[in-house]
Amino acid sequence: DAGVIQSPRHEVTEMGQEVTLRCKPISGHNSLFWYRQTMMRGLELLIYFNNNVPIDDSGMPEDRFSAKMPNASFSTLKIQPSEPRDSAVYFCASSPQGLSTDTQYFGPGTRLTVL
Amino acid sequence: AQKVTQAQTEISVVEKEDVTLDCVYETRDTTYYLFWYKQPPSGELVFLIRRNSFDEQNEISGRYSWNFQKSTSSFNFTITASQVVDSAVYFCALSEAFTGGGNKLTFGTGTQLKVEL
């Protein structure tokens, strides 16, 4: 079975440009998470969806960040406009049922560099 | 607020040595889940184990073993007879339930394990 799929794997862009990261969760999973990993802050949760509905977006840094989940098999994380401090690895994860007992399975990540 | 502490930033061992990675957590929840993930140099996060707060039995999986002690709020990870392929960053994480369902993982800062020949 395919795991969580993320694209692109690497993205290099210039400050001020719009960046869109994409995620396909594991088929049948109802919950989807976006995380950001940086040296300074480690792994931090940005936003969490359950059954395509955003449940908690308190980790989204600012209004430049937005996330959508139009259907059960696709989510996007958009940064507009991007800034150099947004450079990080962005992970998408999914879990089966949105229960507190669930294990989250991570995608390979998108390494974003903003020049 | 929940907190996970991995005090060991980096550990270096020689192949075939045993190594223990420490994890200490803080939570007010009576029911919670603990996880370990591995992040090899390729960058992905690989799930290793999940343990619930009611089960304090130690677990062994091949060369990996986990020691959960509720009394000391610790969930330590031991690799026996380490190999070069074990070189990675290992993260301990604590699960916290969302009000609307699902769980939020609080990660430790990770321990970089280097296994040398």
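The values are calculated or read from the model by the stated rules, or taken from the named source; none is laboratory data. Worth saying up front: this structure is predicted, and the values here are computed from it rather than measured. Backbone-built Cβ (ideal geometry, glycine too); neighbour counts: all protein chains shown.
List of remarks:
- Taken over segment B:1-30, the criterion of being among the β-branched types (Val, Ile, Thr) and either free of Cβ contacts under 8 Å to residues at least 24 places away in the same chain or not in a loop (DSSP other than H, G, I, E, B) (or both) is satisfied by B:4, B:5, B:11, B:13, B:14, B:19, B:20, B:24, B:30.
- Where a residue in segment A:82-103 is closer than 21 Å to residue B:49 by Cβ and its partner, wherever it lies, is basic (Lys, Arg), with Cβ under 7 Å and at least six apart: A:103/B:50
- Selection from segment B:44-59 of residues that are exposed (fewer than 15 other Cβ atoms within 10 Å of the Cβ) and in a loop (DSSP other than H, G, I, E, B): B:54, B:55, B:56, B:57, B:58
- Condition check for residue A:94: of a type in the set (S, T, N, Q), crowded, with 21+ Cβ neighbours inside 10 Å and under 11 Å from residue A:34 (Cβ atoms): yes
- The lone criterion from (1) at pLDDT 95 or above; (2) closer than 25 Å to residue B:32 by Cβ left unmet by residue A:79 is number (2).
- Single condition residue B:37 does not satisfy, out of (1) at pLDDT 95 or above; (2) more than 17 Å from residue A:101 (Cβ to Cβ): (2)
- Just one residue in the set A:98, A:28 is in contact with a Ser or Thr (Cβ under 6 Å, 6 or more places away or on another chain) and either within 14 Å of another protein chain (Cβ to nearest Cβ) or modelled with pLDDT under 95 (or both); that residue is A:98.
- Count of residues meeting criterion [closer than 14 Å to residue B:63 by Cα and either outside any loop (DSSP other than H, G, I, E, B) or within 10 Å of the chain's Cα centre (by Cα) (or both)] in segment B:77-115: 6
- Screening residue A:112 with (1) closer than 17 Å to residue A:6 by Cα; (2) of a type in the set (A, V, I, L, M, F, W, C); (3) more than 14 Å from chain B (Cβ to nearest Cβ); (4) in contact with an Asp or Glu (Cβ under 6 Å, 6 or more places away or on another chain) gives one miss only, at (3).
- When residue A:4 is tested against (1) surrounded by 14 or more Cβ atoms within 10 Å (Cβ to Cβ); (2) over 28 Å from residue B:50 (Cα atoms); (3) of a type in the set (A, V, I, L, M), only condition (2) is not met.
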